[in-house]
Every structure is written in C-alpha cells, then in structure tokens.
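Working notes, structure below.
The values are calculated or read from the model by the stated rules, or taken from the named source; none is laboratory data. For clarity, every value in this text was computed on a predicted model and none was experimentally measured. FYI the Cβ positions are ideal-geometry reconstructions off the backbone, even for glycines, and counts take in every protein chain you see. Heavy atoms of the whole protein, side chains included, go into the accessibility calculation; ligands, DNA and RNA do not. Shrake-Rupley method; radii C 1.70, N 1.55, O 1.52, S 1.80 Å.
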Amino acid sequence: MSQSLCVGYIAEEINLRRRYLPKMPVGALGRIVVVGLRPKEDVVSRILSVAQERSVDYAIVQAMGTLSRVVLGFYDGETKKYVTKELSDHLELVSCMGSLAKDSTGKQVLHLHATVSDRNLNVLGGHLVEAQVGYLLEVYLSEVAGTELVKIYDDSLGLMVFKENTRLEEP
C-alpha cells in the first residue's frame, strides 16, 4: 500500500469513527492502587471494597494470580442472558481485565473478563461472574480521573453500556 493510500485510509477510518461511534468519556490516568487478595476472599466484593476504601470511583481493573473457584459467563445476545459455567479446582487466573464505573444511581459497577487455566493447561475465558481467591491474587486499579464513567442499561442489547459523556473534550 502506498503512503498516500495509507494516509487516506486512516483519515477515512477516523471520519467513520467520529460519525458513527458515540462520544466516549475522555480522562487521564490517576493513581494506581495495588492490592494482594488472600485465600478464600471473594474477588468481586473485595475489589469493590478496596475501591471504596481508597476512594477510587472509576478505574481500569487488571488482576492475575490463582483461584479456587470461578463462574464464567458467555453473553447470548439472542436471549439476552449469560450462559454460565462454574469451575472449582486450583486455577491460574492468566488474565483479568475490565472496568470500574457507576450506574445512574451512583452505585459502583464492576465489569470483568477473565481467562483461566487448569492444571492441564486447558484455557477457558469469559465474563467473570463470581470468583474466589486460591493462594493469592494481585489486583491493579488504574484510576481514571477527570471524567465520569457512567453505565446505563440498554434495552436493545440487554446490557449495561457507557453513557455518552461530553464533560471533557477529545484533545
């Protein structure tokens, strides 16, 4: 691809994104809160309590470590329901990422996706519904500052989605 075609393609892509994608919140990274979770702690409730204790309203969430139990979900867009699978064994949390936002009432909403492997290195992933720490779990909350990450329920999708936010303009 020639340089002029590449530049033209990129410009067209930018124009399409501006036209069809909703204006998303724009902020900056603030503090990074790191915490170690101990055996048998409930992952979801502990992340929410750490965020509250450290006054983190909005964040990018990452985690890795071990789990003794996890419930993963796959969202079925036709039925608008999660199909879930529970795993109970020594599991490696290979990767976990997501967001910490608030709903329209101000309640914190944690949305996580996870990839786990068992002792045979079989890998499974999906929406993290529930999880319990195995030996140790490292959690990183990268605070999003300068904007609000608010999620609202979208009836057509059956999911919580980010509310359009124009508090800060794109650079």
Open item on the list: Any residue in the stretch 70-82 that is touching a residue at least 40 places away in the same chain (Cβ under 8 Å) and open to solvent by less than 80 Å² (accessible area, probe 1.4 Å) sitting within a Cβ distance under 8 Å of a residue that is among the small types (Gly, Ala, Ser) and not in a strand (DSSP E or B)? List the pairs, counting only those 6 or more apart or interchain.
Closed with: Gly77/Gly158
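I want to confirm something. Restricting to the stretch 100-115 and keeping residues that are of a type in the set (A, V, I, L, M, F, W, C) and within 17 Å of Tyr153 (Cβ to Cβ), which single residue is least open to solvent (accessible area, probe 1.4 Å)? Steps first, please.
Step one: list which residues in the stretch 100-115 are of a type in the set (A, V, I, L, M, F, W, C), which gives 100-101, 109-110, 112, 114.
Imposing the further condition that a residue be within 17 Å of Tyr153 (Cβ to Cβ) reduces the set to 101, 109-110.
Details: Ala101: 0, Val109: 33, Leu110: 34 Å².
Checking each candidate, the answer is Ala101.
Have a look at Asp118, Asp154, Asp89 and point out the one that is open to solvent by 40 Å² or more (accessible area, probe 1.4 Å), farther than 21 Å from Leu29 by Cβ and without any contact (Cβ under 8 Å) to a residue 12 or more places away in the chain. Walk me through how you get there before you give the answer.
Numbers: Asp118 fails: without any contact (Cβ under 8 Å) to a residue 12 or more places away in the chain; Asp89 fails: without any contact (Cβ under 8 Å) to a residue 12 or more places away in the chain.
The unique qualifying residue is Asp154.
So that you can scan it fast, the table gives a plain yes or no per residue for (1) under 26 Å from Phe162 (Cβ atoms); (2) within 18 Å of the chain's Cα centre (by Cα); (3) at pLDDT below 95:
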site: Val71; (1), (2), (3): yes, yes, no
site: Val83; (1), (2), (3): yes, no, no
site: Leu91; (1), (2), (3): no, no, no
site: Cys96; (1), (2), (3): yes, yes, no
site: Leu100; (1), (2), (3): yes, yes, no
site: Gly106; (1), (2), (3): yes, yes, yes
site: His113; (1), (2), (3): yes, yes, no
site: Asp118; (1), (2), (3): no, no, no
